[in-house]
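Visitor: Handing you this structure, nothing more for now.
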Amino acid sequence: MSNNLQLNSEGKLKHFLTIEGLEKQLLVDILDLAESFIGVNDQRIKKIPLLRGKSIVNLFFENSTRTRTTFELAAKRLSADVLSMSIATSSTSKGESLLDTIRNLEAMYVDMFVVRHGISGAAHFIAQHASKHISVINAGDGQHAHPTQAMLDMFTIRQFKQDFSKLRVAIVGDILHSRVARSNIQALNTLGAAEIRVIAPKTLLPAQVETMGVTVSHSLADGLKDIDVIIMLRLQKERMTSALLPSESEYFKCFGLTPERLKLAKPDAIVMHPGPINRGVEIDSKVADGPQSVILKQVSNGIAIRMAIMAMAMQKQESFDG
Ligand code: CP
């Protein structure tokens, strides 16, 4: 998927659809801008006027807790008017096409769509067909990409570990169906991580996964050695079309992150998970709630990162001090 659509003629961010093809400096600019927004969450009045007068519509065709809520809070922190549409009660349930829904919302003078959809490429499709002034942010499309999750993960890693070039990062679990894994692998490669190691059974890895710039392990015992950051993934059962595993309990026995297994990584390794977590399936509660877990920090960081991405995508239209 080309990134040309994501940038305007001056090379500024217009849409945010995928990490693929974006320059390292742009990712660093997003991280730095998010850093400057962190303090807004602690202000007495948690608002800055950067997007005052802008209208943002959250279009979530798939379930979400973290992404939808943090996008809505981020838009409100920036003083935008934000509307989270309930797709179940919208006219798409009466047979209206995606494009007709978009055209109708455009007629209401919307400036930005935040889109989550079960079909890979849906956000890209909307960006291609929406009016020129509208920005589209991908909040997760099928198995393809979850770029804002990747950026909040990079922000969290930088908060705890600073220098990407020294880091060995393990991504554990259902890589095959994970848009988070794809976007994180792209972001970590762009930011220059020393090693990205995927740890999974063969049935949960894409064909020729090494071409994505990762090393591969099929066991936690070998795979966690020397690791600084562990990103655990949920089994995406809703995307599995055949039986890829004997059972969840068998999976936990082989690939579940327990306190004993966590000791195989570096002593100061951090544990991450995009959520929703399935306790006792991919992660033990003692690890999820333990001192090395930064899972809820990821959630908090999602607000500042989404503020940064929305602000940068709107910057294409007017300067920040305009
Ligand atoms: N990480 C993530 O996308 O979570 P939600 O599905 O709850 O938005």
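Read-outs: derived from the displayed coordinates by stated rules, not from any lab. Being a predicted model, the structure only gives us computed values, none of them experimental. Cβ atoms come from the backbone with ideal geometry, glycine included; neighbour counts cover every protein chain shown.
Visitor: Please tell me the relative contact order of the range 88-166 in percent, rounded to the nearest whole number, where contacts are Cα pairs under 8 Å and at least six residues apart.
Guide: Result for the range 88-166 is 24 percent.
Visitor: Give me the Kirkwood hydrodynamic radius of the range 147-294, using the inverse of the mean 1/r over all pairs of distinct Cα atoms, in Å to one decimal.
Guide: Details: mean 1/r = 0.0663 Å⁻¹.
15.1 Å is the Kirkwood radius here.
Visitor: Rank Asn58, Gly223, Gln149 by how far each Cα sits towards the positive end of the charge dipole of the chain (+1 on Lys, Arg Cβ; -1 on Asp, Glu Cβ) and give me just the farthest.
Guide: The Cα lying farthest towards the positive end belongs to Asn58.
Visitor: Which value, in debye to the nearest 20, describes the size of the charge dipole of the range 72-172 about its Cα centre when Lys and Arg Cβ atoms bear +1, Asp and Glu Cβ atoms bear -1, and nothing else is charged?
Guide: Once rounded to the nearest 20, the dipole reads 420 debye.
Visitor: Separate question: Please name which of His124, Gly302, Ser9 has its Cα lying farthest along the dipole of the chain towards the positive end, using unit charges on Cβ (Lys, Arg +1; Asp, Glu -1) and the Cα centre as origin.
Guide: Gly302
Visitor: Would you calculate a helix-derived [θ] at 222 nm for the chain, using -39,500 (n - 2.57) for each DSSP H run of n ≥ 4 and dividing by the full residue count, to the nearest 500?
Guide: Theoretical 222 nm ellipticity from helices: -10500 deg cm²/dmol.
Visitor: Report, please, the projected area of the chain averaged over directions, based on the convex hull of its C-alpha atoms, in nm².
Guide: Details: hull surface 66.2 nm².
About 16.6 nm², averaged over all directions.
Visitor: List the longest stretch of the chain that has no exposed loop site; here a site is one of the chymotrypsin sites (Phe, Trp or Tyr not before Pro) assigned by DSSP to anything other than H, G, I, E or B, with at most 16 other Cβ within 10 Å.
Guide: In the chain, the maximal stretch lacking such sites is 110-319.
Visitor: Quick one: Cα centre-to-centre distance for the range 184-214 and the range 79-143, in angstrom?
Guide: Each part's Cα centre sits 30 Å from the other's.
Visitor: I would also like to ask the following. Which of these, Arg239, Arg197, Arg77, has the largest mean-square fluctuation under a Gaussian network model of the chain (Cα springs below 10 Å)?
Guide: In this elastic network of the chain, the residue with the biggest mean-square fluctuation among Arg239, Arg197, Arg77 is Arg239.
Visitor: Rounded to whole Hz and in sequence order, give me ³J(HN,Hα) for the range 49-64 from the Karplus expression 6.51 cos²θ - 1.76 cosθ + 1.60, θ = phi - 60°, writing x for Gly and Pro.
Guide: Working through the residues one at a time gives x, 4, 10, 4, x, 8, 10, 10, 10, 8, 10, 10, 8, 10, 5, 6 Hz.
Visitor: If you don't mind, there's one more thing I want to ask. Can you sort His117, His129 so the residue with the fewest Cβ neighbours within 10 Å comes first?
Guide: With the sparsest Cβ surroundings first, the list reads His129, His117.
Visitor: Filter Lys166/Lys202; Lys54/Lys297; Lys54/Lys132 down to the pairs with a C-alpha to C-alpha distance above 26 Å, please.
Guide: Exceeds cut-off: Lys166/Lys202; Lys54/Lys297.
Visitor: What is the list of residues in the range 281-305 whose amide nitrogen lies under 17 Å from a point 7 angstrom out from the Cα of Lys46, following Cα to Cβ?
Guide: 296-305
Visitor: Counting Lys and Arg as +1 and Asp and Glu as -1, each charge on the Cβ, what is the dipole of the chain about the Cα centre in debye, to the nearest 20?
Guide: 400 debye
Visitor: Next up: Any chance you could give the angle, 0 to 90 degrees and rounded to 10, that helix 24-37 forms with the longest Cα principal axis of the chain?
Guide: Taking Cα atoms only, the helix is inclined about 80 degrees.
Visitor: Moving to a separate point now. Quick check: convex hull over the Cα atoms of the range 1-83, volume per residue in Å³, rounded to an integer?
Guide: Once divided by residue count, the hull of the range 1-83 is 129 Å³.
Visitor: Between Lys132, Lys202, Lys46, where does the largest GNM mean-square fluctuation fall for the chain, given springs only between Cα atoms within less than 10 Å?
Guide: Highest fluctuation of the listed residues: Lys132.
Visitor: Quick one: which residues, 5+ away or cross-chain, put their amide H under 5 Å from the amide H of Asn58? H built at 1.01 Å from N.
Guide: Answer set, sorted by chain and number: Leu83, Ser84, Met85, Val114.
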